[in-house]
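Colleague: Would you mind keeping the following structure in view while I ask a few things?
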Amino acid sequence: MSSLAPTPEHSAYPPQPLHDYAFLADGERGALLGPRGEICWLCAPRWHNEAVFSTLIGGRGIYAVTPKEPFVPGGSYDDGSLIWRSRWVTQSGIVESREALAFPGEPDRLVLLRRVLAREGPARVHVVMRPLAAYDREPLRDIRQDDEGAWTARLGELCLRWTGGRTARLTNTGSRAGQLTMDLTLDAGDWHDLVLEVSTSPLAMPPVDPSAAWADTERAWQAAVPVLETIAGRDARQAYAVLRGMTSASGGMVAAATTSLPERAEEGRNYDYRYVWIRDQCLAGQAVAATGNQPLLGDAVRFVEARLHTDGPEMMPAYTVTGGAVPDQRELDLPGYPGGYDRIGNHVNRQFQLDAFGEALLLFSAAARLDQLDRDGWQAADIAADTIRRRWHEPDAGIWELNNRTWTHSRLICVAGLRKMAGAAAPGPKTREWSDLAGAILADTEASALHPEGHWQRSPDDPAVDAALLLPGLRGMLPPDDPRTQNTLRAYLKELACSHYAYRFRHNDRPLPEAEGAFLLCGFVTALAEHQQGNEVEAYRWFERNRDACGAAGLYSEEYDIAQRRLRGNMPQAFVHALMLEAAAMLAKRGAH
């Protein structure tokens, strides 16, 4: 447990159901914002660095703007952006707080913008600002207020400046040491700006001009999120915005913004997802490619090809956004989100995942079809294909990161990648080599992992079906009308689908919803599989059921507990937003099977 004592403010902002959180991001880091106006999670300076606000997992670092009267919370995003408007209906009127991380973000400096507005009637709000660096261990120090009312301080190894808090009161002793608090009263129509800057170097430049920063952020989001020709257009644009907000200037897209939010209470499935999973990055790139030639496709290609050029056949399943190694898993001294733990780092750094190389080829082939693959990309594809040639016999951890086995999905997605890449290249010796390799892997896998009933099974020694086995057919491993593809979809729907919710695999003999939540990625994959087979009504049913399994802000986590109607796991989960976007794009193309 942290040595820092609880404060009344800490107990006023306990963790909330994941459904209630909004998400702010600028590409380099992200924040979760609760219904009481609390920034409860923010790492600085980058996604994988230590948290400065951490009440989400039981810490005491908090930055909140909350009405002083009883209120009913709500809010929404500006269309196609991660600019959030908290909206509280109070006894006296309506209070709004506009929230954003200045976009696009700088790698070494974050700017958090908050504009409090008395929309109807007067607004009376209470502001608490108490950053605690290094996951709650280090409070503010060297705190000063200048003649203009701006507060500056050191925060661990970081530098901080807070403007708009001229009348804030500083507590320097006891359990509230380093805490700034302020009460604001605004007349109807008035607003007040708060700007928090956190940097790795001294903030020598003048303070941020809030109006200019808001205007720049609005313009940048308008330029970053394209008009998309999909069904569910607003939600599809929002999914694209989430993916853009999670993508660094390096091109790397983190899998989720948070760590150790439980997939199932007290079952130990709590992981740190603030890193770039190669597979997830490839899935996102392919989803974006389904909407056309968008910048996020180029970002995905750039990051994955760099990892292949650097690490070749030893490419890891995941990296930091800077291309660094994922640290070992360890626990902090915080209580954790209720039902979970306080883990950071990830044991994925010790795994081999064969399917990542197949997904890389699928990503590169999608880019090639849109004429977006340069010489470095083709060379990276050659590295990925050669790695498959050398390593496809090896057991691997697979898409679900389980014990090493000869997972059928890992092999078949490599077949799909090799065939797609061969189809995207000019005919020649290389394409024949890739096609021959794909044929050899497919023949070997069919001999060992085709179930007697004609569908793919999880592995040679596991006859069960698995949601991942739908993906190779979707990606062009075989024609849509191939019996193996059709039989696998039928078997999956029989064994692992329930009321148009989808599950990965059977953990045990318990009913599916008792073993884990519905896996939203799989729900959108099933929608795509039904669409590929021409079953349009079922495709829409799957799409709409899973599209609705989101929070109030339209955000998806990894799983959805259908009994309690609750989100489970880290959030926002990038690959769910990616497959939602892809399904929205593909279902708009009626008859394109």
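The values are calculated or read from the model by the stated rules, or taken from the named source; none is laboratory data. Please read these numbers as outputs of a predicted model, since none were measured by experiment. When we count neighbours, we look across all protein chains shown, and the Cβ atoms used for this are built from the backbone with ideal geometry, even at glycine.
Colleague: Tell me, yes or no, whether the range 166-180 has at least one residue that is assigned to a strand (DSSP E or B), among the hydrophobic types (A, V, I, L, M, F, W, C) and touching a Pro at 6+ places or on another chain (Cβ under 9 Å).
Modeller: no
Colleague: Inspect the range 313-333 for any residue being on the phi > 0 side of the Ramachandran plot and in a loop (DSSP other than H, G, I, E, B) and give the result as yes or no.
Modeller: There is at least one residue in the range 313-333 that is on the phi > 0 side of the Ramachandran plot and in a loop (DSSP other than H, G, I, E, B).
Yes/no matrix, rows are residues, columns are (1) surrounded by fewer than 24 Cβ atoms within 10 Å (Cβ to Cβ); (2) out of contact with any Asp or Glu (no Cβ under 9 Å at 6 or more places or on another chain); (3) at positive phi; (4) part of a strand (DSSP E or B):
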site	(1), (2), (3), (4)
R60	no, no, no, no
V65	no, no, no, yes
L82	no, no, no, no
F103	no, no, no, no
L110	no, no, no, yes
L117	yes, no, no, yes
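Each row is one residue, and each column tells you yes or no for (1) within 14 Å of the chain's Cα centre (by Cα); (2) buried (at least 22 other Cβ atoms within 10 Å of the Cβ); (3) closer than 21 Å to I57 by Cα.
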site	(1), (2), (3)
N535	no, no, no
E538	no, no, no
R541	no, no, no
E544	no, no, no
S557	yes, yes, yes
D561	no, no, yes
R566	no, no, yes
L579	yes, yes, no
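Colleague: For the range 216-236, which positions are assigned to a helix (DSSP H, G or I) and either exposed (fewer than 15 other Cβ atoms within 10 Å of the Cβ) or out of contact with any helix residue (DSSP H, G or I) (no Cβ under 9 Å at 6 or more places or on another chain) (or both)?
Modeller: Selection gives D216, T217, E218, R219, A220, Q222, A223, R234.
Colleague: Can you tell me which residue within the range 177-220, out of those that are of a type in the set (D, E) and within 31 Å of the chain's Cα centre (by Cα), is nearest to R109 (Cα to Cα)?
Modeller: Among those that are of a type in the set (D, E) and within 31 Å of the chain's Cα centre (by Cα), it is E197.
Colleague: Can you tell me which residue among H500, H507 is on the phi > 0 side of the Ramachandran plot and over 20 Å from the mean Cα position of the chain (by Cα)?
Modeller: When all the criteria are applied, what remains is H500.
Colleague: Here's something else I'd like to know. Could you please find all residues in the range 363-388 being among the hydrophobic types (A, V, I, L, M, F, W, C) and within 22 Å of T320 (Cα to Cα)?
Modeller: L363, F364, A380, A381, I383, A384 - these are the residues of the range 363-388 that are among the hydrophobic types (A, V, I, L, M, F, W, C) and within 22 Å of T320 (Cα to Cα).
Colleague: Under the condition of being free of Cβ contacts under 8 Å to residues at least 40 places away in the same chain, in a loop (DSSP other than H, G, I, E, B) and not acidic (D, E), which residue from the range 487-509 is nearest to R545 (Cα to Cα)?
Modeller: Step by step, filter the range 487-509, then rank; the result is Y503.
Colleague: Determine if the range 124-144 includes at least one residue that is among the acidic types (D, E), surrounded by 20 or more Cβ atoms within 10 Å (Cβ to Cβ) and not in a strand (DSSP E or B).
Modeller: Yes.
Colleague: Using the structure shown, decide if G93 is surrounded by fewer than 21 Cβ atoms within 10 Å (Cβ to Cβ), on the phi > 0 side of the Ramachandran plot and at pLDDT 95 or above.
Modeller: Answer is yes for this residue.
Colleague: Next question, about the same structure. Within the group A491, A515, which residue is modelled with pLDDT of 95 or more and out of contact with any helix residue (DSSP H, G or I) (no Cβ under 8 Å at 6 or more places or on another chain)?
Modeller: Checking each option against the conditions leaves just A491.
Colleague: Just one of A188, A177, A223, A212 is in contact (Cβ under 8 Å) with a residue 12 or more places away in the chain and over 24 Å from V128 (Cβ atoms); which is it?
Modeller: A188
Colleague: Looking at (1) touching a helix residue (DSSP H, G or I) at 6+ places or on another chain (Cβ under 9 Å); (2) over 18 Å from R568 (Cα atoms); (3) not hydrophobic (A, V, I, L, M, F, W, C), which is the only condition H48 fails?
Modeller: Answer for H48: the failing condition is (1).
Colleague: Would you point out which residue out of R115, R109 is among the basic types (K, R) and under 20 Å from G34 (Cβ atoms)?
Modeller: After ruling out the rest, the residue left standing is R115.
Colleague: Evaluate the following for L528: is it touching a helix residue (DSSP H, G or I) at 6+ places or on another chain (Cβ under 7 Å), surrounded by 17 or more Cβ atoms within 10 Å (Cβ to Cβ) and either among the acidic types (D, E) or not in a helix (DSSP H, G or I) (or both)?
Modeller: So L528 fails the test.
Colleague: Follow-up question, since we're still on this one. Pull out all pairs, ordered by first then second residue, where Cβ-Cβ is under 6 Å, the residues are six or more apart or on different chains, the first lies in the range 352-365 and is outside the structural domain of G423 (by TED's automatic domain parsing) and under 17 Å from L297 (Cα atoms), and the second is hydrophobic (A, V, I, L, M, F, W, C) and not in a helix (DSSP H, G or I).
Modeller: Once the first residue is outside the structural domain of G423 (by TED's automatic domain parsing) and under 17 Å from L297 (Cα atoms) and sits in the range 352-365, no partner that is hydrophobic (A, V, I, L, M, F, W, C) and not in a helix (DSSP H, G or I) comes close enough.
Colleague: Moving on to the next point. Regarding the range 579-589, can at least one residue be identified that is without any contact (Cβ under 8 Å) to a residue 12 or more places away in the chain and either farther than 27 Å from W407 by Cβ or among the small types (G, A, S) (or both)?
Modeller: Yes - at least one qualifying residue is present in the range 579-589.
Colleague: Look at Q457 and say whether it is loosely packed, with under 15 Cβ neighbours inside 10 Å, assigned by TED's automatic domain parsing to the domain that holds R475, of a type outside the set (D, E) and modelled with pLDDT of 95 or more.
Modeller: No, not satisfied.
Colleague: Condition check: outside any loop (DSSP other than H, G, I, E, B), among the charged types (D, E, K, R), buried (at least 16 other Cβ atoms within 10 Å of the Cβ) and assigned by TED's automatic domain parsing to the domain that holds V465. Does R484 satisfy that?
Modeller: Yes; evaluated as a whole, the condition is true for this residue.
Colleague: Anything in the range 145-170 that is surrounded by fewer than 19 Cβ atoms within 10 Å (Cβ to Cβ) and within 28 Å of E96 (Cβ to Cβ)? List them, or say none.
Modeller: Hits for the range 145-170 are Q145, E148, G149, R166, T167, R169, L170.
Colleague: Taking the stated definitions as given, is T90 farther than 21 Å from E38 by Cα and among the hydroxyl-bearing types (S, T, Y)?
Modeller: Considered against the rule, which asks whether it is farther than 21 Å from E38 by Cα and among the hydroxyl-bearing types (S, T, Y), T90 comes out as no.
Colleague: What's the total number of residues in the range 408-444 that are part of a helix (DSSP H, G or I) and closer than 18 Å to E359 by Cα?
Modeller: 25
Colleague: I've got another one for you. So how many residues does the range 246-272 have that are more than 20 Å from L110 (Cα to Cα), touching a Ser or Thr at 6+ places or on another chain (Cβ under 7 Å) and assigned to a loop (DSSP other than H, G, I, E, B)?
Modeller: The qualifying residues number 2.
Colleague: Of all residues being surrounded by 15 or more Cβ atoms within 10 Å (Cβ to Cβ) and out of contact with any helix residue (DSSP H, G or I) (no Cβ under 6 Å at 6 or more places or on another chain) in the range 429-443, which is nearest to M477 (Cα to Cα)? Just the residue, please.
Modeller: Looking at the filtered set, the residue picked out is E433.
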